[in-house]
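All remarks here apply to the structure that follows.
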Amino acid sequence: MDTLSVAVAREEAAIGRQAIVQGWVRTRRDSKGGFSFVELNDGSCLANIQVICDGDLPNYETEIKKLSAGCSVTVSGEVKPSGGKGQSTELHAAEVTVHGWADPETYPLQKKRHSFEKLREWAHLRPRTNTFGAVARVRNTISRSIHNYFQEQQFLYIHTPIITASDCEGAGEMFRVTTLDLETIAAKETKIDYALDFFDRPAYLTVSGQLEGEIYATALGKVYTFGPTFRAENSNTSRHLAEFWMIEPEVAFAELPEDMDLAEGLIKRIFADVLGDCSEDMQFFNDRIDETVIATLESIVASSFERITYSEAVDLLQKSSKKFEFEPVWGEDLQSEHERYLTEEAIGRPVIVTDYPSSIKPFYMRLSEDEKTVAAMDVLVPKVGEIIGGSQREERLDVLESRMRDQELDPQEYWWYLDLRRFGTVPHAGFGLGLERVVQFTTGMTNIRDVIPFPRTPGSAEF
Ligand code: 4AD
Ligand code: MG
């Protein structure tokens with residue numbers, strides 16, 4: 001007898017098979033005819049399998065009639081055709097083994113619906129709900145799709161470090177990594193002696209794998225990273241996490257237009273794969289979370305992204321009759337209200353904004369001929385805003401050094417990064433895609449905390 005997942009046991013092809021199915025009870029209903037229906041879910045798909053438990057099973061009165069939401073069971077029996085709505089099969093139990101009970105008085109998921117806020121307090125139980133199961137499966141498909149996209153184009157997957165000494169984005173939003181005893185230092189009120197620290201120097205959790213990605217791209221051509229990144233920005237928004245996953249391709253001999261094509265191709269590939277592979281979960285999001293989500297993904301796959309410069313974007317914003325909280329001014333960063341206006345109202349689909357002022361972008365972006373802007377690109381999508389940030393990199397040693405000095409960075413500390421420009425420098429470009437932002441957009445979930453298993457945000461790291 002084979003062990004089948006609920007997803008497989010629900011397929012018509014399983015009819016007639018003797019099978020074992022294992023999972024957690026969602027509901028139990030007793031029929032007047034002296035038998036019971038048990039809805040079983042194992043996370044392999046959104047839907048449950050209906051298990052028919054006859055009254056003559058040896059543990060029918062003692063156990064089966066006490067099953068409630070959350071109990072774990074193994075059922076063996078025969079898969080038979082079902083006349084029930086929304087299912088073509090059901091499992092007729094020959095044997096039911098109960099592994100674990102879930103006291104209905106205290107099991108938190110007893111009630112059908114809880115708010116997402118409430119479920120965040122139960123991060124250890126929320127994957128047992130329909131929504132969080134669906135998010136986990138879509139997140140998995142997106143991750144696979146990203147790897148496939150790059151692997152099929154011969155990109156090498158590079159594991160860049162999580163502990164680093166450099167601040168790639170220069171925004172000073174890094175978490176410190178130390179083995180020094182903070183309490184001893186505080187008690188003595190002494191100066192910190194980094195010679196006594198683990199790495200002999202200040203060290204941090206990385207905000208981006210880009211700089212190390214560049215090292216590998218300028219040796220191996222096309223690479224990408226896919227790993228966790230950390231930002232200690234104190235922004236309690238629905239789009240920011242302190243720990244999030246980022247995908248960062250880096251390509252040698254590439255300039256900004258190829259970088260944009262790579263980014264647009266990646267987004268479309270992800271949406272096409274999710275629509276194809278997660279249709280049941282996507283229908284759930286469409287019914288329960290956001291009724292436009294499937295149509296939006298379909299239309300994005302079928303159309304091309306608008307490409308405008310930052311200057312054109314500021315123009316559009318200034319000419320609009322919309323009242324913004326922050327007035328759009330050339331030379332200042334686009335606020336999220338501006339990004340959303342551009343992609344949702346002015347253009348109505350994803351838009352790539354290029355050529356931002358150099359003063360608001362990091363040191364590594366390539367300075368353009370006008371000497372005012374850099375070869376940057378941000379991909380903006382409705383509702384979420386910025387989903388990708390990228391650029392062509394500054395490959396000229398002298399320009400890079402002067403950009404670093406402008407931003408008060410010490411070129412000495414980045415000697416290895418500058419070496420890439422000293423020895424065999426090449427034009428190159430890359431970008432970073434925030435995994436949670438793309439899961440958020442794909443599912444229509446409004447808060448980024450609900451698309452990562454264990455969200456880390458200011459004041460919150462319980463699980
Ligand atoms: O625009 P960012 O800061 O770009 C970089 O880090 C570059 N080094 C990437 C590169 O060129 N290799 O971040 C890239 C993306 C953003 O567009 C956004 O999707 C996501 O990372 N992101 C966040 N996601 C969740 N929470 C946060 N706090 C995020 N900060 C950035
Ligand atoms: Mg950015």
Query raised in the report: How about region 218-335: which strands (runs of 3 or more DSSP E) wholly inside it have at least 3 residues that are open to solvent by less than 40 Å² (accessible area, probe 1.4 Å)?
Result: 222-230, 243-252
**Report entry** Sole residue being in contact with a Phe, Trp or Tyr (Cβ under 6 Å, 6 or more places away or on another chain) and among the small types (Gly, Ala, Ser), chosen from GLY390, GLY331
**Finding:** GLY390
Query raised in the report: Has region 404-414 got at least one residue that is more than 33 Å from the chain's Cα centre (by Cα) and of a type in the set (Phe, Trp, Tyr)?
Result: no
Report summary line: Of the residues in region 120-134, those that are touching a residue at least 60 places away in the same chain (Cβ under 8 Å) and either part of a helix (DSSP H, G or I) or open to solvent by less than 50 Å² (accessible area, probe 1.4 Å) (or both) number 9
Report summary line: Being touching a Lys or Arg at 6+ places or on another chain (Cβ under 9 Å) and at pLDDT below 95 narrows SER358, SER321, SER336 down to just SER336
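Does TYR356 meet the test of being within 27 Å of ILE448 (Cα to Cα), more than 24 Å from the chain's Cα centre (by Cα) and of a type in the set (Ser, Thr, Tyr)?
Working: within 27 Å of ILE448 (Cα to Cα): yes; more than 24 Å from the chain's Cα centre (by Cα): yes; of a type in the set (Ser, Thr, Tyr): yes.
Criteria met by TYR356.
Here's the yes/no breakdown for (1) open to solvent by 40 Å² or more (accessible area, probe 1.4 Å); (2) within 29 Å of the chain's Cα centre (by Cα); (3) at negative phi; (4) among the charged types (D, E, K, R):
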residue	(1), (2), (3), (4)
SER143	no, yes, yes, no
GLN151	yes, yes, yes, no
ALA171	yes, yes, yes, no
LEU180	no, no, yes, no
THR184	yes, no, yes, no
ASP197	no, no, yes, yes
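Considering region 360-373 alone, what residues qualify as being in a strand (DSSP E or B) and within 12 Å of ligand 1 (Cβ to nearest atom)?
The answer is MET365, and nothing else.
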Report summary line: Of the listed residues (ARG437, ARG403), the one being among the charged types (D, E, K, R), within 16 Å of ligand 2 (Cβ to nearest atom), in contact (Cβ under 8 Å) with a residue 40 or more places away in the chain and part of a helix (DSSP H, G or I) is ARG437
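Return yes when PHE155 is open to solvent by 50 Å² or more (accessible area, probe 1.4 Å) and touching a Phe, Trp or Tyr at 6+ places or on another chain (Cβ under 7 Å) and no when it is not.
no
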Query raised in the report: What number goes with the only condition from (1) within 13 Å of ligand 1 (Cβ to nearest atom); (2) touching a helix residue (DSSP H, G or I) at 6+ places or on another chain (Cβ under 6 Å); (3) open to solvent by 40 Å² or more (accessible area, probe 1.4 Å) that GLU436 does not pass?
Result: (3)
Query raised in the report: Based on what the data block shows, is SER166 more than 10 Å from ligand 1 (Cβ to nearest atom), closer than 30 Å to GLN412 by Cβ and surrounded by 14 or more Cβ atoms within 10 Å (Cβ to Cβ)?
Result: yes
**Report entry** Residue within region 339-361 that is buried (at least 17 other Cβ atoms within 10 Å of the Cβ), free of Cβ contacts under 8 Å to residues at least 40 places away in the same chain and within 14 Å of ligand 2 (Cβ to nearest atom) present
**Finding:** yes
Requested in this report: Considering only residues that are in a loop (DSSP other than H, G, I, E, B) and away from ligand 2 (no atom under 13 Å from the Cβ), look in region 374-387 and name the one that is farthest from ILE308 (Cα to Cα).
Outcome: LYS383
Report summary line: So, first residue in contact (Cβ under 8 Å) with a residue 40 or more places away in the chain in region 154-167, second residue outside any loop (DSSP other than H, G, I, E, B) and polar (S, T, N, Q), Cβ within less than 8 Å, six or more apart or across chains; the pairs are TYR157/GLN151; TYR157/THR225; ILE158/THR225; HIS159/THR225; THR160/THR225
Requested in this report: Please verify whether region 152-173 includes one or more residues that are modelled with pLDDT under 95 and touching a strand residue (DSSP E or B) at 6+ places or on another chain (Cβ under 6 Å).
Outcome: yes
Report task. Find all pairs meeting these conditions: Cβ atoms under 9 angstrom apart; at least six residues apart or on different chains; first residue within region 182-196 and within 19 Å of ALA165 (Cα to Cα); second residue basic (Lys, Arg). Result -> TYR194/ARG201; ALA195/ARG201
Query raised in the report: Name the residues in region 375-397 that are away from ligand 1 (no atom under 12 Å from the Cβ) and either surrounded by 22 or more Cβ atoms within 10 Å (Cβ to Cβ) or within 25 Å of the chain's Cα centre (by Cα) (or both), would you?
Result: PRO382, LYS383, GLU394
Report summary line: Scanning region 263-318 residue by residue, those in contact with a strand residue (DSSP E or B) (Cβ under 7 Å, 6 or more places away or on another chain) and among the basic types (Lys, Arg) turn out to be ARG307
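The values are calculated or read from the model by the stated rules, or taken from the named source; none is laboratory data. It should be emphasised that the depicted structure is a prediction, and the values quoted were computed from it without experimental measurement. Counting neighbours? That spans all protein chains shown, and the Cβs are built from the backbone with ideal geometry, glycine included. Note: accessible area is taken over every heavy atom of the protein model, side chains too, but ligands, DNA and RNA are not part of it. Shrake-Rupley method; radii C 1.70, N 1.55, O 1.52, S 1.80 Å.
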